[in-house]
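Just so it is clear, none of the values below were taken in a lab; they were calculated from the coordinates. The shown structure was predicted, so the numbers you read here are calculated from the model rather than taken from an experiment. Cβ: placed from backbone, ideal geometry, glycine included. Neighbour counts: every protein chain shown.
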Amino acid sequence: MKNNNPLKLKIMEIPDWPKPGINFKDISPLLGDKKSFSAMINEFAKLHSGQKIDKIVGIDARGFLLAAALAYKLKTGLVLIRKKGKLPPKTISEEYALEYGSNTIEMHEDSILPGEKILVIDDVLATGGTMKASVNMVKKLKGKIIGIDFLIELEYLKGKKALKGYKINSLVKYG
Ligand code: AMP
């Protein structure tokens, strides 16, 4: 990815936030700029032109922003994967390991029908743990994952290794 990628220019890097060693990618300036926001959604949409997608699954919380806009653009349904305790029953859940401790995410057990074509989207691919747990839940519901999209891929964390076998797109890469 070229350094003059207009989307990348709108992403702010915050070193050592929220804790030392994390280089946080803040997409607020991109979302706040009308040209960049629509260019981003149009780029995602172009990747999927002509594809049949029933539902887009967005991951709590910044993934929702991308998923909702893209679902509207592509005229698909929208499904939310949320952090534990936010969705009323009935839900399925998946726990995954973090550097310290673990995290649990949930989705409604009837949010995907067997065989539905699913695109999963999040803002950042880091270690891939969050996305791996998300695709595991979609698979439990027998959704057919046609692709996984990210705005940002942190290539140096090699998160793609956790997602072998899937078609992965990312618009902005940090090597
Ligand atoms: P991971 O499970 O390690 O791939 O982390 C992905 C999730 O954590 C995404 O939902 C991101 O929103 C968030 N995340 C991880 N690393 C960063 C980062 N450097 N900047 C912003 N968000 C991040």
Subject >> Euclidean distance between Cα centres, region 83-159 to region 1-47, Å >> reply: 21
Subject >> Exposed trypsin sites (Lys or Arg not before Pro) absent - longest run of the chain, DSSP non-H/G/I/E/B, at most 14 other C-beta within 10 Å >> reply: 91-141
**OP:** Please report the relative contact order for the chain, taking Cα pairs under 8 Å with a sequence separation of at least 6, and give it as a percent rounded to a whole number.
**Re:** 17
Original post:
What share of the DSSP beta bridges in the chain is antiparallel, in percent to the nearest 5?
Top reply: 35
**OP:** Identify all lysines with a Cα-Cα distance to Lys8 below 24 Å; exclude those on the same chain that are fewer than 8 residues away in sequence.
**Re:** Lys19, Lys25, Lys34, Lys35, Lys46, Lys73, Lys158, Lys160, Lys161, Lys167, Lys173
**OP:** Sort Leu74, Leu113 so the one with the fewest other Cβ atoms within 10 Å of its own Cβ comes first.
**Re:** Leu113, Leu74
Original post:
Using all Cα-Cα distances in the chain, what percent lands in each 10 angstrom bin from 0 up to the longest?
Top reply: 10, 39, 37, 14, 1
Subject >> Exposure proxy order (Cβ contacts within 10 Å, fewest to most) of Thr76, Thr130 >> reply: Thr76, Thr130
